[in-house]
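A short worksheet on the structure shown next.
The values are calculated or read from the model by the stated rules, or taken from the named source; none is laboratory data. Computed from a prediction, not measured in an experiment: that's the story for all the values here. A quick note on method: Cβ atoms are made from the backbone with ideal geometry, for glycine too, and the neighbour counts reach across all protein chains shown. These area figures cover heavy atoms from the full protein model, side chains too; ligands, DNA and RNA do not enter into them. Shrake-Rupley method; radii C 1.70, N 1.55, O 1.52, S 1.80 Å.
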Amino acid sequence: MAEIGIFLDRDGTINEEIEYLRSPDQIRLIPKAADAIREFNTLGFKVFILTNQSGIAHGIFNENDLKEIHEKLLSILKKSNAKIDHIYYCPHHPEGKIEQYRKICNCRKPMTGMFETAAKEYNINLSRSFVIGDKKIDIEAGNNCGAFSILVLTGYGKSELERCRESNTKIDFVAEDLYNAVQFIKNKSMEEV
């Protein structure tokens, strides 16, 4: 049977928003984010991070820098017994300075390429899964792949909520933070049992 996936944005959802986070030293978890991820693990969900990283295309940092950032993030989460099954990232941008990354792709959110790859690699049922992020593009990506979309009010969430309302973008639930989101999903899952 296909699994339920939790698809998390990174910056502003798990760790504090820093424009073009480029060093492992800049990572600061949002309060209770690790607790939320641990709860998702306990509930038996597969947990993924899907993140647009156009800083690579713009030459602000490279893929090795990103690897170090992700290793540090996973290490911090591991100390709280919180596990991410896989991190997917899109290094592309149509106006990137670095030619190999300058393109229109299907992996850059709100496109669904990263979600489709995760669904294939981990046998995930996207229509039963949850996409959680602090930006309109996260919500649009969730809608585009048929998942349940949750906007968190951390990071850019509060201003992005206005953008979603102005554009009539469908949001399935608005959560104070990732921990509030996991409580909602837990209650929703109990209702469906």
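Residues checked against (1) modelled with pLDDT of 95 or more; (2) out of contact with any strand residue (DSSP E or B) (no Cβ under 7 Å at 6 or more places or on another chain); (3) among the small types (Gly, Ala, Ser):
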residue	(1), (2), (3)
Asn106	yes, yes, no
Met114	yes, no, no
Lys120	yes, yes, no
Ile137	yes, yes, no
Gly146	yes, yes, yes
Gly155	yes, no, yes
Val174	yes, no, no
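Which residues, taken from the stretch 12-22, are at negative phi and open to solvent by 20 Å² or more (accessible area, probe 1.4 Å)?
To start, the set of residues in the stretch 12-22 that are at negative phi comprises 13-19, 21-22.
Answer for the stretch 12-22, where residues must be at negative phi and open to solvent by 20 Å² or more (accessible area, probe 1.4 Å): Glu16, Glu17, Ile18, Glu19, Arg22.
Is it the case that Phe61 is over 23 Å from Ile139 (Cβ atoms), aromatic (Phe, Trp, Tyr) and out of contact with any Cys (no Cβ under 9 Å at 6 or more places or on another chain)? Yes, satisfied. From the list Asp65, Asp25, the lone residue that is assigned to a helix (DSSP H, G or I) and loosely packed, with under 14 Cβ neighbours inside 10 Å is Asp25.
Restricting attention to the stretch 70-92, the residues that are open to solvent by less than 70 Å² (accessible area, probe 1.4 Å) and touching a residue at least 24 places away in the same chain (Cβ under 8 Å) total 13.
A residue that is in contact (Cβ under 8 Å) with a residue 12 or more places away in the chain, under 16 Å from the mean Cα position of the chain (by Cα) and under 27 Å from Lys170 (Cα atoms) occurs somewhere in the stretch 54-69. Of the residues making up the stretch 5-44, those that are hydrophobic (A, V, I, L, M, F, W, C) and over 16 Å from Gln183 (Cβ atoms) number 6. Across the stretch 28-45, what is the number of residues that are crowded, with 21+ Cβ neighbours inside 10 Å, of a type outside the set (A, V, I, L, M) and touching a Phe, Trp or Tyr at 6+ places or on another chain (Cβ under 7 Å)? Looking only at that region, the number is 0.
For Glu95, the conditions (1) open to solvent by 70 Å² or more (accessible area, probe 1.4 Å); (2) among the acidic types (Asp, Glu); (3) assigned to a helix (DSSP H, G or I) are fulfilled apart from (3).
When the criteria are applied in full, Ile56 fails the requirement of being assigned to a loop (DSSP other than H, G, I, E, B), among the β-branched types (Val, Ile, Thr) and in contact with a strand residue (DSSP E or B) (Cβ under 7 Å, 6 or more places away or on another chain).
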